[in-house]
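Participant: Input: one structure, supplied below.
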Amino acid sequence: MDEKLLYKIHISGQVQGVGFRWSASSEARNRGIKGFVKNLSNGSVYIEAEGSREQLNAYVEWCKKGPGFGFVESVNIDTFPPVNYTDFRIEY
């Protein structure tokens, strides 16, 4: 298996109140990605996603489109060493 990476993803646009966190969580679990998603006070969504580069890049492509509701304006990614998350959860 590929080396694990951690992507810290900031998504801005109309991404709160449209089911983005739930959809992002479901999508991550389906792809075998670990980490979490949460809303930020500035109206954006923040995700820490851990997996192989291939898994994460495919997930980022999904993030650029979102769940079909709302509107994704930008997706910014920073790469870090993994911290070994054990599941994917929604944080409040």
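Participant: Only residues in region 47-71 that are outside any loop (DSSP other than H, G, I, E, B) count as the first member; pair them with residues that are of a type in the set (S, T, N, Q), Cβ under 6 angstrom, at least 6 apart or cross-chain, and list the lot.
Facilitator: Phe71/Gln14
Participant: When the residues of region 45-78 are filtered to those that are polar (S, T, N, Q) and touching a strand residue (DSSP E or B) at 6+ places or on another chain (Cβ under 6 Å), which remaining residue is farthest from Val15 (Cα to Cα)?
Facilitator: Once the filter is applied, the top-ranked residue is Asn76.
Participant: Would you pick out the residues in region 28-46 that are in a loop (DSSP other than H, G, I, E, B) and of a type in the set (S, T, N, Q)?
Facilitator: Selection gives Ser41, Asn42, Ser44.
Quick note: the coordinates plus some simple rules give every number you see, no bench work behind them. Not measured: the values here are computed from a predicted model. Quick reminder, even Gly has a Cβ in these numbers, built from the backbone with ideal geometry, and neighbours come from all protein chains shown.
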